[in-house]
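Taking it in order: structure first as structure tokens, then the write-up.
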Amino acid sequence: MSNKIRVAVIGTGQRGPSHARELLGCDEAELALVCDLDEERAKNAAENFNVKYELDHREVIARDDIDALAIATHTRHHAGVMRDAAAAGKPFLVEKPYCDSIESGVEICELAEKNNVVAMVGYQSRFTAFAQEMKALASQIDLIQTNVTLQRGFFNPQYFFPEHYSGILDALSHTMDLALWWTGSLPVEVMGHERCGLFKPDKDAVEFVNITTRCENGQIVCMTGSMAGIQMQNIYQMAGLRGNISATERNRIRYVTHLGFNEDKTPIDLKAGEWTGPGQPPKDMWTHFAQCVKEGRTDVSPGASLRDGLAQVAVSEGAYFSSREGKAITVEL
């Protein structure tokens with residue numbers, strides 16, 4: 001393998017070009033090829049990025065001059081490409097959401113693990129200084145509850161599909177992943193309440209959602225997403241037995257820590273603090289993934305593993321069916 005890993009982008013629609021642009025500026029990886037079933041789209045992308053193109057991802061996987069894949073097809077097609085890559089032992093980074101169902105997600109996880117494939121889900125927010133500081137602080141407060149929100153304005157047409165991974169749940173997947181990562185525990189039960197078709201009655205996409213997730217260690221994660229949140233601040237809050245953490249911007253965190261409570265309910269050794277930092281990540285996602293590929297390192301932390309991606313899919317799918325069935329959904333991962 002050369003100094004830079006050679007990456008092929010599979011899918012040149014909405015998100016594929018974004019990965020291609022990121023690869024152009026990466027010191028550890030380079031864009032080598034693009035691939036799309038639509039030849040006109042593939043050809044246009046190839047011309048824009050000055051690379052060659054293929055029409056069949058299986059041909060790309062078989063090439064020895066391609067070290068890894070960036071899978072950026074529609075979510076419903078992720079599993080098929082990942083399955084072929086994992087079977088061939090080809091490393092890959094897949095766009096979020098990881099897959100379209102728990103069933104296919106489990107299958108791909110097991111296949112990738114069996115073949116020791118370096119694989120990661122594209123949750124780039126984990127690489128921000130903010131997210132990593134929240135993770136470090138969470139480990140200090142004996143975390144019990146996490147509350148996060150994603151308030152957005154009206155979405156583009158490509159988000160208005162009825163599946164559980166579309167609508168506001170697509171964008172919320174980043175926030176879900178952060179909350180579950182900070183918690184450090186798998187979801188076991190999900191309760192969701194959703195509203196669909198208010199902005200686009202003919203599409204039935206999820207536009208508003210509230211999700212309560214119980215994790216295996218007893219922690220509770222509450223998540224809210226809305227397409228009506230124009231100019232509203234997003235909230236990141238964590239409460240624990242030994243402190244709490246809060247933020248509304250990703251460059252400033254306020255927190256308090258203590259050692260428990262006296263009999264009069266006053267906190268012991270109460271300390272307040274504030275963190276401010278850059279909004280940019282200390283190491284970009286593609287640099288980290290490329291280093292993992294070079295080293296053959298299947299533990300991609302702090303990047304999101306396929307199992308991490310599966311946990312997010314389980315929450316999203318669980319909330320979708322919970323809202324429709326009017327009951328909590330048990331999750332077994």
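The values are calculated or read from the model by the stated rules, or taken from the named source; none is laboratory data. Predicted model, so just to flag it, every value in this text is computed and none were measured. A quick note on method: Cβ atoms are made from the backbone with ideal geometry, for glycine too, and the neighbour counts reach across all protein chains shown.
Here the strands (runs of 3 or more DSSP E) wholly within the stretch 55-164 that include at least 2 residues being more than 30 Å from ALA247 (Cβ to Cβ) and in contact with a strand residue (DSSP E or B) (Cβ under 6 Å, 6 or more places away or on another chain) are 68-71.
Scanning the stretch 191-213 for residues that are touching a residue at least 40 places away in the same chain (Cβ under 8 Å) and outside any loop (DSSP other than H, G, I, E, B) yields MET191, GLY192, HIS193, GLU194, VAL206, GLU207, PHE208, VAL209, ILE211, THR213. In the condition set (1) over 28 Å from SER301 (Cβ atoms); (2) surrounded by 18 or more Cβ atoms within 10 Å (Cβ to Cβ), ASP204 is compliant with all but (2).
When every residue of the stretch 50-73 is checked against the conditions, none turns out to be at pLDDT 95 or above, under 19 Å from the mean Cα position of the chain (by Cα) and aromatic (Phe, Trp, Tyr). Exactly one residue out of SER316, SER301 is closer than 19 Å to ILE220 by Cα and either small (Gly, Ala, Ser) or touching a Phe, Trp or Tyr at 6+ places or on another chain (Cβ under 8 Å) (or both): that is SER316. For PHE261, the conditions (1) outside the structural domain of LYS96 (by TED's automatic domain parsing); (2) of a type in the set (Phe, Trp, Tyr); (3) buried (at least 21 other Cβ atoms within 10 Å of the Cβ) all hold with the exception of (3). Does ALA239 satisfy being of a type outside the set (D, E, K, R), surrounded by fewer than 17 Cβ atoms within 10 Å (Cβ to Cβ) and in a strand (DSSP E or B)? Yes; evaluated as a whole, the condition is true for this residue. Applying the criterion of being of a type in the set (Lys, Arg) and out of contact with any strand residue (DSSP E or B) (no Cβ under 7 Å at 6 or more places or on another chain) to the residues of the stretch 264-309, the residue that is surrounded by the fewest Cβ atoms within 10 Å (Cβ to Cβ) is LYS265. Within the stretch 105-122, residues that are polar (S, T, N, Q) sit with their Cβ atoms under 8 Å from residues that are part of a helix (DSSP H, G or I), at 6+ positions apart or across chains, in these pairs: ASN115/ALA86; ASN115/ALA87. The set of residues in the stretch 147-174 being at pLDDT 90 or above and more than 23 Å from ILE230 (Cα to Cα) is empty.
Residues in the stretch 288-329 that are polar (S, T, N, Q) and more than 23 Å from TRP182 (Cβ to Cβ): 2 in all.
Taken over the stretch 207-225, the criterion of being out of contact with any helix residue (DSSP H, G or I) (no Cβ under 7 Å at 6 or more places or on another chain) and crowded, with 20+ Cβ neighbours inside 10 Å is satisfied by THR224 alone.
Filtered by the rule that a residue be at pLDDT 95 or above and touching a helix residue (DSSP H, G or I) at 6+ places or on another chain (Cβ under 8 Å), the stretch 244-277 gives ILE245, ALA247, ILE253, TYR255, TRP275.
Close contacts from the stretch 1-29, counting a first residue that is more than 21 Å from ASP84 (Cα to Cα) and a second that is among the charged types (D, E, K, R) and assigned to a strand (DSSP E or B), with Cβ to Cβ under 7 Å and a gap of 6+ residues or different chains, come to LYS4/GLU30; LEU23/GLU30.
The listed residues are ARG297, ARG307, ARG254, and the only one of them that is under 26 Å from GLU113 (Cβ atoms), outside any helix (DSSP H, G or I) and touching a residue at least 12 places away in the same chain (Cβ under 8 Å) turns out to be ARG297.
When ARG214, ARG252, ARG297 are screened for being at negative phi, basic (Lys, Arg), under 23 Å from the mean Cα position of the chain (by Cα) and not assigned by TED's automatic domain parsing to the domain that holds PRO162, only ARG297 passes.
The set of residues in the stretch 299-322 that are out of contact with any Cys (no Cβ under 9 Å at 6 or more places or on another chain) and among the polar types (S, T, N, Q) comprises SER301, GLN312, SER316, SER322. Per the listing ALA179, ALA228, the residue uniquely under 21 Å from LEU150 (Cα atoms) and surrounded by fewer than 17 Cβ atoms within 10 Å (Cβ to Cβ) is ALA228. When ILE10, ILE5 are checked against the criterion of being at pLDDT 95 or above and either in contact with an Asp or Glu (Cβ under 6 Å, 6 or more places away or on another chain) or more than 18 Å from VAL94 (Cβ to Cβ) (or both), a single residue qualifies: ILE5.
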